[in-house]
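Undergrad: Structure in C-alpha cells, see below.
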Amino acid sequence: MSSQTAKKNTEVNRDIIEKLQAMGELYAKTNDKWRAYSYQKAITTIRRCTHRIDSYEEIIKLPGIGESLAKKIWEIIDTGSFEKLEDFQSSEYMKVLDLFGNVWGCGPNIAKQWYDQGFRTLDDLRTKAKLSQNQQVGLKYYDEFLERIPREEVTEIEAMVKQHALALVPGLTIQTCGSYRRGKATCGDVDILITHVDGISHDGLLIPLTDSLKKCGFLTDDLILSDKYDDDSGSHVKYFGVCLLPGENRKHRRLDIIVIPHDEYACALLYFTGSALFNRSMRSLAHKYNMYLSQHRLNTGVIRKNNSKINMGTPLYTPTEESIFKYLNLPYRPPEERDH
Ligand code: DCP
Ligand code: MG
Ligand code: MN
C-alpha cells in the first residue's frame, strides 16, 4: 500500500513482477483462484523490496513465498525466462480460454465449459453455443470492448450523461470514477457515480435517465439493470450497458452508471474509484480494526466469528474519502495513487 516508494521499487524488479503478473492472470483465467492469489501476494511482497533481488536464499526468506514459487522467481532472475509461463501462454487451451474469457460477462467457468464442449473460435460460439443475452452483446462488440477508451472520449461520454441527467433533475452530483478518476490516459469502460446532496432527488432517477439516453440513440444495448436495492441493505441502483457517441468513426463503449443516496457518497466514491486491488487492501485493513468497509459504509465494532460477522457494528460518519482514510489510520491517498 505504499505509494511513492512503490513506483521506484516496481522498476528495480520490474521483469520479475511482469512475469509473475502474467502467470497470475493466466491462473485467474483458468479459475485457479488459489494460485492466482499466491502470485498476487508474491507481487505485493516483491514490490516492497527496495533493491534488486539477486539470490534464491533471499527469495525464500520473503514472507508468504513458498519453495515452489521461490524456485520460479529464481528461474526468472537467473535465466531471464519463465518456462512454465511460456508453455502456458502457447498452449491451445490457454489461448482459447483467453479468447473466450474476453467475451464480456464470461468468467473462467463458462470459458472452460465452452472449451469442453469442443468450441475453439468465436465463430463456434456464434453458431453453436447457447448464449445468454449478455454473452450475445459481448460477442457482438468483442473487438470494440477490447479497445481502451481515450480519456478525452470518456469526458465526452460523461458530458452526454450529465446533460441528460441534469435535464431530469437539476443539482445532481455526477462524478466519473474508475480508472478515469485515477488519472489513466485510457480506460476500459466509463464508470459514472450519481447522487444528490439533498439526499432524496437521486431516488427514481435511473430508469428515466436510461430511457432518455436510449431515446437519442446513445445507449445501444443493455447488460445489467438492477433497480432493486442490493445486498448489504444498501440502496445502490446500477445500470451496465453499451453506448455510442454521435458522429463518424465512433466505437461502442461500455458504460456503468450507479445511483446512490448522498450519505453513502464517500464510501461509494472510494469503492467505484478503485482499483479493485486497492479496495481489497482497504477492506482487509478495516477487518484488522474490527471494522467493515463496503461500497455503502464503514462500520465499527464489528464482531466476527470464523470469518462471518455475528455483529455488524455501527456505521461511522463518513462525509469524505479523507474521513475513511483517517478512521483506518492511513495517510490520505489521492486517486492517482490507488492502483495497488
Ligand atoms: N471494483 C471492485 N472489485 C471488482 C470490480 C470493480 O472493487 N471486482 C471497483 C474498483 C474499480 C471500480 O469498481 O476501480 C470500477 O470497476 P472497473 O471494472 O470499471 O475497473 P477500472 O475502472 O478500475 O478499470 P478499467 O479501466 O479496466 O475500467
Ligand atoms: Mg472502469
Ligand atoms: Mn466499470
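Every residue, every condition in (1) within 30 Å of H340 (Cα to Cα); (2) away from ligand 1 (no atom under 15 Å from the Cβ); (3) at pLDDT below 95, yes or no:
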residue	(1), (2), (3)
Y142	yes, yes, no
L146	yes, no, no
R151	yes, no, no
I157	yes, no, no
Q163	no, yes, no
L168	no, yes, no
I174	yes, yes, no
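Undergrad: From the list T220, T210, which residue is part of a helix (DSSP H, G or I), away from ligand 1 (no atom under 16 Å from the Cβ) and among the β-branched types (V, I, T)?
TA: T210
Undergrad: Just the residues that are assigned to a helix (DSSP H, G or I) and within 20 Å of S201 (Cβ to Cβ), please, taken from the stretch 256-272.
TA: H262, D263, E264, Y265, A266, C267, A268, L269, F272, listed by residue number.
Undergrad: When the stretch 79-89 is examined, which residues are found to be in contact (Cβ under 8 Å) with a residue 12 or more places away in the chain and assigned to a helix (DSSP H, G or I)?
TA: Answer for the stretch 79-89, where residues must be in contact (Cβ under 8 Å) with a residue 12 or more places away in the chain and assigned to a helix (DSSP H, G or I): K84, L85, F88, Q89.
Undergrad: Scan the stretch 303-340 residue by residue and report those that are at pLDDT below 95, hydrophobic (A, V, I, L, M, F, W, C) and not in a strand (DSSP E or B).
TA: Listed by number, the list holds a single entry, M312.
Undergrad: Suppose we filter K215, K228 for residues that are farther than 20 Å from E153 by Cβ, modelled with pLDDT of 95 or more, among the basic types (K, R) and away from ligand 1 (no atom under 16 Å from the Cβ); which single one remains?
TA: K215
Undergrad: Going by the structure shown, is I53 of a type in the set (V, I, T), buried (at least 17 other Cβ atoms within 10 Å of the Cβ) and outside any helix (DSSP H, G or I)?
TA: Spelling it out, I53 is indeed of a type in the set (V, I, T), buried (at least 17 other Cβ atoms within 10 Å of the Cβ) and outside any helix (DSSP H, G or I).
Undergrad: Just one of (1) modelled with pLDDT of 95 or more; (2) assigned to a strand (DSSP E or B); (3) surrounded by fewer than 18 Cβ atoms within 10 Å (Cβ to Cβ); (4) within 16 Å of ligand 1 (Cβ to nearest atom) trips up L193, so point out which.
TA: (3)
Undergrad: Within the stretch 256-278, which residues are touching a residue at least 24 places away in the same chain (Cβ under 8 Å), under 22 Å from Q21 (Cβ atoms) and either away from ligand 1 (no atom under 12 Å from the Cβ) or not β-branched (V, I, T) (or both)?
TA: Within the stretch 256-278, G274, S275, L277, F278 meet the criteria.
Here's the yes/no breakdown for (1) of a type in the set (S, T, N, Q); (2) within 16 Å of ligand 3 (Cβ to nearest atom); (3) part of a loop (DSSP other than H, G, I, E, B):
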| site | (1), (2), (3) |
| --- | --- |
| G247 | no, no, yes |
| R254 | no, yes, no |
| L285 | no, no, no |
| N290 | yes, no, yes |
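Undergrad: Mind checking which residues of the stretch 256-283 are under 22 Å from V161 (Cα atoms), more than 16 Å from ligand 3 (Cβ to nearest atom) and among the acidic types (D, E)?
TA: E264, the sole residue that qualifies.
Undergrad: Continuing with the same structure: Where residues in the stretch 175-194 are under 16 Å from L270 (Cβ atoms), in contact (Cβ under 8 Å) with a residue 24 or more places away in the chain and hydroxyl-bearing (S, T, Y), which of them is farthest from ligand 2 (Cβ to nearest atom)?
TA: Selected residue: Y180.
Undergrad: Does any residue of the stretch 157-172 turn out to be under 30 Å from D98 (Cβ atoms), of a type outside the set (F, W, Y) and either in contact with a strand residue (DSSP E or B) (Cβ under 9 Å, 6 or more places away or on another chain) or more than 14 Å from ligand 2 (Cβ to nearest atom) (or both)?
TA: Within the stretch 157-172 (the criterion being under 30 Å from D98 (Cβ atoms), of a type outside the set (F, W, Y) and either in contact with a strand residue (DSSP E or B) (Cβ under 9 Å, 6 or more places away or on another chain) or more than 14 Å from ligand 2 (Cβ to nearest atom) (or both)), the answer is yes, since at least one residue qualifies.
The values are calculated or read from the model by the stated rules, or taken from the named source; none is laboratory data. Everything numeric in this text was worked out from a predicted model, so none of it was measured. Every residue, glycine among them, receives a Cβ derived from its backbone with ideal geometry; neighbour counts consider all protein chains shown.
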